[in-house]
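Note sheet for the following structure.
The values are calculated or read from the model by the stated rules, or taken from the named source; none is laboratory data. Everything quoted here is computed from the prediction, not taken from an experiment. Quick note on the areas: whole protein, heavy atoms, side chains included, nothing else; ligands and nucleic acids left out. Shrake-Rupley method; radii C 1.70, N 1.55, O 1.52, S 1.80 Å.
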Amino acid sequence: MTPVALTLDLDDTLWPIWPAIERAEVHLHGWLAQRAPATAARFDTAGLRALRDEVARTHPHWAHDLSAVRLESLRRALAAAGDDVRLAEPAFETFLQWRHRVDLYEDVVPALERLASRFPLVALTNGNADLRAIGLAPWFRSVVSARGFGRGKPHADIFMEACRQAQAPPAQVLHVGDDLLLDVEAALAAGLQAAWVARPDIHADVDRAPPGTHHVVRSLGELADRLGV
């Protein structure tokens, strides 16, 4: 069945996420070195990430809210070092500014232009990316985020919300993403169509797509070709 709307994952589908995160963490540490030197001296970038991971483990109810996890980890780091915990929020804003300086895959903008000319596009993400800050908002009807919805992928209800915002029944919505569990298997289980974007820098093996996957592509441009846009 030809889809009438598309939902798209963001991180590692439209841009590689870890280079952006690592760059943001370096600039965050530099910001702390100037304004909270005791914290920067006590925690290097690896230490701050370890503290962030500890908060994620001990607060599983925040699994849908990566911003809350990062912010709490900054509060803990500042408190442990004896710096002003009120610096956590501006520190986090600095992190976010750099987190949004992503390097889009080369095919993304041309492919979004093509796809948006045919289909309503809804972003569906477990992350905290802001499409306006990144410059991709004009091609999307809306964004459904785990943080805003209260639960993330692979829960079926967040897919249902994305279909509602796309104004299309699940069986006629194609979800596009890089993660086999959170995107492909979860979309199929929720009754959507699924496309696996297996980018070569992330996925060397393209033979692991679950049965029923509608498309396996190496780029968003290839998907636009497959959909005849």
**Fill in**
accessible surface per residue for the range 1-148, probe 1.4 Å, DNA/RNA/ligands not counted, whole Å² -> 47
**Accessible surface of the chain [probe 1.4 Å, protein heavy atoms]: carbon and sulfur percent** = 52
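Please label the shape of the range 1-108 as rounded, prolate or oblate, based on the square roots a ≥ b ≥ c of the eigenvalues of the alpha-carbon gyration tensor (a/c under 1.5 means rounded; beyond that, a/b larger than b/c means prolate, else oblate).
Prolate, because a/c is 1.5 or more and a/b exceeds b/c.
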**Message:** Give me, ordered by chain and number, the residues 5 or more places off TRP15 or on other chains with an amide H under 5 Å from its own placed amide H.
**Reply:** TYR105
**Request:** Give, in whole angstrom and from largest to smallest, the semi-axes √(5λ) of the equivalent ellipsoid of the chain, with λ running over the eigenvalues of the Cα gyration tensor.
**Result:** 35, 17, 16
**Message:** Quick check: from the Cα gyration tensor, does the range 36-81 come out rounded (a/c under 1.5), prolate or oblate?
**Reply:** prolate
**3J(HN,Hα) from dihedral phi, the range 30-45, Karplus parametrisation 6.51/-1.76/1.60, rounded to Hz, x for glycine, proline** = x, 5, 5, 4, 7, 10, 9, x, 5, 5, 5, 6, 7, 10, 7, 4
**the range 83-182: translational diffusion in µm²/s, Stokes-Einstein, Kirkwood Rh over Cα pairs, 25 °C, 0.890 mPa s** = 161
**Prompt:** Across the range 172-184, in residue order, what do the Karplus-derived ³J(HN,Hα) couplings come to in whole Hz, using 6.51 cos²θ - 1.76 cosθ + 1.60 with θ = phi - 60° and x for Gly and Pro?
**Reply:** 10, 10, 9, 8, 10, x, 9, 8, 4, 7, 6, 9, 6
